[in-house]
Amino acid sequence: MNEIAALTPTSMQQKLNQWVEHYRQYTNEGACASYIPALKKADLNSLGIYMLSDDGIQLKSGDTEQSFTLQSISKVLSFIHACSSHGISHVLEYVDVEPTGDAFNSIFRLELSHPGRPFNPMINAGAITVASMLPGQSPDEKVDGLLCLIEKMVGRKPRINEEVFLSEWGTANRNRSLAYWLKETGFLLCPVEDAIEVYLRLCSIELCIADMAKIGLLLARDGIQPGTYRHVFSKEIASLTKTLMFTCGMYDYSGRFAAFVGIPAKSGVSGGIMAAIPSGAAMPSNNRPDSGPWGIGVYGPSIDKFGNSIAGVKLLKRLAKEWDFRLL
Ligand code: GLU
C-alpha cells in the first residue's frame, strides 16, 4: 500500500487525535493572556482543532466545542469588510501592508514613519484605523455590519461576549493611546471612543473552531461560498488578506511561522488560530491528503510570549509538514 492509499479521512483522523494528545502537554509551558482580565479564566490545558476540506472532509479532535473570543482574528474580518465596502485602494490609503516585526500593540513606529499610516491591518494600530472606517454612523451600526458579514460566512449571527468587552474597555489604555495618535495624524475616521468601542467589540465576538474552519475555507476558496458558489467577498480581497495573514498574521513570530509552518494564518491572544490552505499551493506530493483548499480552526488558550497558542503552533507545524500543506 503506498502513502496516498494510507491517507484516508480515517487515517488522518487517527493521526490528528495522536498529535492533539501529544501536543497538549505543551499547554503547561505557556499561560492564558492576563492583560485582559476576563481571558485569565480560560482552561489552560484546552487544545482543539477542526479541519474542513473543499470536498467535505471534516476532521476534529480535542476540545472542539468551546466558544472563545476572536481577539486579533477579528482583524482579518474587519479588513475584508472594509475592503468590500470601500474598495481595496481606498482602504490602503489609510493602512499599509508592511510587516513590522514589532509587538501587536506597539506605538513607536507610528511616530517614526511619515505620514504615520499604520504598517498593516493585522496589528492594533492598523485594525483600529480599519474599525474607524467600517460603514455605519454609530459604533452599533459598524459592529452590526461585521456581524452580518460573519453570518454570511458561518450561517449564524455570532454574539459578543459582553464580559470580555467590558474587561477590555476598562483596561484599553494602550489602544486608546494608539487611537489618539491616529486621530492626531489623520488616520482615524471617527471619534476616538467610537473607534475603540468598535475595535474592542469586534475583538469580543465569540466563535468556535468549526466557524474558524469555515471562514478559513472561504478564504482558501477565494471568497466563494461552498454550495451556493456566490462570492461573499472578491478574489482580490481574499488574495490580499491571505498574503497579510502569511506575512503579518502571527504577531512578531510571523516570519518564523511562514518559514517553518508555511501557511497563511491569524492568531488571537485568546488562543485561537484560523488558517487557510489555498488549493494546489503545495508541490504535488504523495503525502498531500487532498489537493483542494482547506480551512482550519485551532483553539488552545495557553499562549507563548508572542501571543500565539503554544500547542496550536506546534500542532499546525506538524500537520503542515506531514501533510504537505506548506505554501512554498
Ligand atoms: N483586544 C486585544 C487587544 O487589543 C487583541 C489582542 C490580540 O489578540 O492580539 O489588545
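The values are calculated or read from the model by the stated rules, or taken from the named source; none is laboratory data. These numbers were taken from a predicted model, which means no experiment stands behind them. Note: ideal-geometry Cβ built from the backbone for every residue, glycine included; neighbour counts use all protein chains shown.
So in the stretch 222-272, with the set limited to residues that are aromatic (Phe, Trp, Tyr) and more than 16 Å from the ligand (Cβ to nearest atom), which one is nearest to residue 26 (Cα to Cα)?
260
Between residues in the stretch 171-193 that are within 15 Å of residue 109 (Cα to Cα) and among the small types (Gly, Ala, Ser) and residues that are within 16 Å of the ligand (Cβ to nearest atom) and in a helix (DSSP H, G or I), which pairs lie under 7 Å by C-beta distance while being six or more apart or on different chains?
Filtered contacts from the stretch 171-193: 179/128; 179/192; 179/195; 179/196.
When the residues of the stretch 51-76 are narrowed to those that are assigned to a loop (DSSP other than H, G, I, E, B) and over 19 Å from the mean Cα position of the chain (by Cα), which ends up farthest from residue 165 (Cα to Cα)?
Applying the filter and picking the extreme gives 55.
So in the stretch 227-253, with the set limited to residues that are touching a strand residue (DSSP E or B) at 6+ places or on another chain (Cβ under 9 Å) and outside any helix (DSSP H, G or I), which one is farthest from residue 174 (Cα to Cα)?
230
Just to be sure I understand, how many residues within the stretch 36-70 are of a type in the set (A, V, I, L, M) and within 16 Å of the ligand (Cβ to nearest atom)?
Looking only at that region, the number is 5.
Out of the residues in the stretch 87-98 that are part of a loop (DSSP other than H, G, I, E, B) and either among the hydrophobic types (A, V, I, L, M, F, W, C) or surrounded by 19 or more Cβ atoms within 10 Å (Cβ to Cβ) (or both), which is farthest from the ligand (Cβ to nearest atom)?
Here the residue is 97.
Would you mind listing the helices (runs of 4 or more DSSP H) fully within the stretch 144-221 where at least 2 residues are more than 12 Å from the ligand (Cβ to nearest atom) and farther than 30 Å from residue 292 by Cβ?
Passing ranges, in order: 162-169, 173-185, 192-203.
Give the stretch 233-265 a look and list any residue that's without any contact (Cβ under 8 Å) to a residue 60 or more places away in the chain and either among the charged types (D, E, K, R) or surrounded by 24 or more Cβ atoms within 10 Å (Cβ to Cβ) (or both), or say none.
235, 242, 256, 257, 265
Look at residue 116 and say whether it is at positive phi and either assigned to a loop (DSSP other than H, G, I, E, B) or not aromatic (Phe, Trp, Tyr) (or both).
yes
Table: residues versus (1) under 21 Å from residue 268 (Cβ atoms); (2) at pLDDT 95 or above; (3) touching a helix residue (DSSP H, G or I) at 6+ places or on another chain (Cβ under 9 Å); (4) crowded, with 23+ Cβ neighbours inside 10 Å.
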{"residue": "187", "(1), (2), (3), (4)": "no, yes, yes, yes"}
{"residue": "193", "(1), (2), (3), (4)": "no, yes, yes, no"}
{"residue": "197", "(1), (2), (3), (4)": "yes, yes, yes, no"}
{"residue": "209", "(1), (2), (3), (4)": "yes, yes, no, yes"}
{"residue": "216", "(1), (2), (3), (4)": "yes, yes, no, yes"}
{"residue": "219", "(1), (2), (3), (4)": "yes, yes, yes, yes"}
{"residue": "222", "(1), (2), (3), (4)": "no, yes, yes, no"}
{"residue": "227", "(1), (2), (3), (4)": "no, no, no, no"}
